[in-house]
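This report refers to the structure that appears directly beneath it.
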Amino acid sequence: MTSLNRRNFLGLTAAGAAMAAGLQVRPAGAESAVSATFAGAPPITPADISRTWVHGNPTKRQREVWDTVKRGQEIVLETAKIGAPVGDMDIAVRNHYEGLGWATNYGLPGTSHRAGHGIGMDGHEPPNLMRADRTPLAAGMCFSNEPGIYIPGEFGVRMEDCWHMTEQGPRLFTPLARSIDEPI
């Protein structure tokens, strides 16, 4: 069994969680958002799963952002259609976020990160769930689903799950988080 180490665990708190890839780890204070990513690394099969929760009681804003990101994950799965460009999933999420007032064109505060990426034996692989990627979605493709929202200097919310496309539609490898109160 592989132990957790820096290679396959990233924990971010408060303002550090406001960066899509993270920059720091520091102790969480009361009502700090905490984002954690667990990634499979060799010798196990590559995979990603991230969860965000709050140390203490979530503020109204933290709860609203968390719920928006959860809806973003659902939009990715609802938009996944055989033959459609993979970038359409990113476009659908961005349209939803921008309709709620978040920044446009990968700006902040908002979603500066793609909605997901291919997952394969090398980890992060194309195609990417980015609006410019026009690769047709096909059965057998595997992706991450991670349309986070990041608010510089405040906090970020990232939930990431992997899924694969079947002829019947997308199928998750792990269940989506239920709520900010039950992220795991």
(message) Given the condition of a type in the set (S, T, N, Q) and under 21 Å from Val54 (Cα atoms), answer yes or no: does some residue in segment 154-172 qualify?
(response) no
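Return the residue satisfying two criteria in turn: it lies in segment 126-184 and is acidic (Asp, Glu) and over 16 Å from the mean Cα position of the chain (by Cα), and of such residues it is nearest to Pro58 (Cα to Cα).
Asp181
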(request) Give the residues of segment 107-141 that are outside any loop (DSSP other than H, G, I, E, B), under 18 Å from Glu78 (Cα atoms) and hydrophobic (A, V, I, L, M, F, W, C), sorted by residue number. (result) Leu129
(message) Report every pair of residues separated by at least 6 positions or lying on different chains whose Cβ atoms are under 6 Å apart, first residue within segment 157-184 and modelled with pLDDT under 95 and among the aromatic types (Phe, Trp, Tyr), second surrounded by 13 or more Cβ atoms within 10 Å (Cβ to Cβ) and not in a loop (DSSP other than H, G, I, E, B).
(response) Phe173/Cys162
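So, in segment 142-154, of the ones that are part of a strand (DSSP E or B) and not β-branched (Val, Ile, Thr), which residue ends up nearest to Glu74 (Cα to Cα)?
Out of the qualifying residues, it is Asn145.
The values are calculated or read from the model by the stated rules, or taken from the named source; none is laboratory data. Note that the coordinates shown come from a computational prediction; the quantities given were computed from them, not determined experimentally. Cβ coordinates were reconstructed from backbone atoms using ideal geometry, including for glycine residues, and neighbour counts include every protein chain displayed.
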